[in-house]
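See below for the structure under consideration.
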Amino acid sequence: MATTTATNGFVMRLIGAISLDPPIYEEVEADRTANGQALAVVLLSSLATGLGAHGFGDVTLNGVLFFTVGALLGWMAWALVTFEVGYRLMPQPQTRADVGELLRTTGFATTPGLFRVFGIMPGATWPVFAATSVWMLVAMIVAVRQALDYTSTWRAIAVCLVGWVLALTISVVLGLVFGPSVS
C-alpha cells in the first residue's frame, strides 16, 4: 500500500523558513514540485529588495528595477557558487544533492528578504537591509546543511561564507559599474 507524506502549505513553509526550521528545509529539498514556490519566494524577496531600496534616497523606477534584478542575480550567483563549493570542493561522504535541491532550499532561505520592503521607511533602510542580510545568511547555512546532508554546521558556515563573499563581490562590482547613483 502506498503511503503519502503530508506536506506543509506555502505559508507554513515561509514561516518555517523564516524560523530557520531544518525539517521545513528538508521537506522543500525533497519536494520536486516546490520549484515554483522557491522561485516565487526569490522573486518576491527580490522585489521587496527593489522597493525597500527606495529608502536609500532618490531611487527611481529604474533604480527599483536595478535593485530587484540585482537581488535576483545575487541569489543566483550565491546559490550556484555555494553548490560548486559545497558539493564539488567540500562534500562530506554522505553528501548527495543536485542543483534543484539546493536551489529549492536556498530559494526558501531568501524568505527574510521579504522584510526588506520595510526599508522604504525613512531611516530604516540600512538597519533593515543589514538585519535581513545576516538573517538570510543564517537561513542559507541551514538550507545548505540540509540540502548537502552535512553533519557539520561549521562546514555549512564555511561554504556559505565563501559563496556569500563571492556573490557579494560580484554584486558590488556590477552595482558600481552599471548601477544608479545612490544619495
Can you give the convex hull volume per residue for the Cα atoms of the chain, as a whole number of Å³?
-> 110 Å³
For helix 61-83, report the angle its Cα long axis makes with the longest principal axis of the Cα atoms of the chain; keep it between 0 and 90° and round to the nearest 10°.
-> 30 degrees
Given charges of +1 on the Cβ of Lys and Arg and -1 on the Cβ of Asp and Glu, with all other atoms neutral, how large is the dipole of the chain about its Cα centre, in debye to the nearest 20?
-> 140 debye
Folded to 0 to 90 degrees: helix 99-108 orientation relative to the chain principal axis, Cα = 60 degrees
Most fluctuating residue given options 44, 14, 168, as computed from a GNM of the chain linking Cα atoms under 10 Å | 168
If you average the sequence gap of Cα pairs under 8 Å that are 6 or more apart and divide by the length of the chain, what percent do you get for the contact order?
-> 31 percent
For the chain, set up a Gaussian network in which alpha carbons nearer than 10 Å are linked by springs, and say which option among 112, 22, 122 fluctuates the most.
-> 122
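Read the figures in this text as sums done on the coordinates, not as results from a lab. Because the structure is predicted, anything quoted here is derived from the model rather than measured. Every residue, glycine as well, gets a Cβ built from its backbone with ideal geometry; the counts of neighbours run over all protein chains shown.
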